[in-house]
Amino acid sequence: YLTAVGADGSPSWSSSASGAIALAGLSTLATGSALYHGGTGQYLFLTGVSSSPTGPDPHGTLFAAPKPWGPWTKVGEIPGLSISTLITKGAGPTSVFFTAAGGTETYNLNIGRIDLKVSN
């Protein structure tokens, strides 16, 4: 478990959950998935519902971080609900695929692509 991140960005770990800390900058109210994206050199986390000052945010939210322990930054939103799975297969140097599911009268499962803008 991550227990601290030092001023130099180095993590501290423990085998006990009692001292675990939240990942800086990352917020979610739903399931999500993470992966390392070699084209951007960043870790990506996609979640279906994020928290906002007014309550649940009905968009998929994409976060990025230079290390798995952060700091995480919100880098984009995708309209819709139940967006939570990044797919590694077929990821390009500036893109990644994801799944989106849900519906009201019928249940839909879709695969979409996120095109990433890479800045230096």
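Tabulated data for the structure shown
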| read-out | value |
| --- | --- |
| Residue list for the stretch 1-19, filter: assigned to a loop (DSSP other than H, G, I, E, B) and surrounded by 12 or more Cβ atoms within 10 Å (Cβ to Cβ) | TYR1, SER14 |
| Subset tally (residues that are more than 14 Å from the chain's Cα centre (by Cα) and of a type in the set (Ser, Thr, Tyr)) for the stretch 75-98 | 2 |
| Contacts under 7 angstrom Cβ, first residue in the stretch 77-94 being at pLDDT 85 or above, partner part of a loop (DSSP other than H, G, I, E, B) and surrounded by fewer than 16 Cβ atoms within 10 Å (Cβ to Cβ), 6 or more apart | GLY92/GLY39; PRO93/GLY39; THR94/GLY39; THR94/VAL118 |
| Unique match (being under 30 Å from VAL96 (Cα atoms), polar (S, T, N, Q) and open to solvent by 70 Å² or more (accessible area, probe 1.4 Å)) among THR40, THR31, THR47 | THR31 |
| The stretch 82-100: number of residues that are surrounded by fewer than 17 Cβ atoms within 10 Å (Cβ to Cβ) and among the hydrophobic types (A, V, I, L, M, F, W, C) | 2 |
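The values are calculated or read from the model by the stated rules, or taken from the named source; none is laboratory data. As the structure is a prediction and not an experimental result, all values here were calculated from the model. Note that we place each Cβ from the backbone using ideal geometry, even for glycine, and neighbour counts take in every protein chain shown. Areas reflect the complete protein model, heavy atoms only, side chains present, ligands, DNA and RNA absent. Shrake-Rupley method; radii C 1.70, N 1.55, O 1.52, S 1.80 Å.
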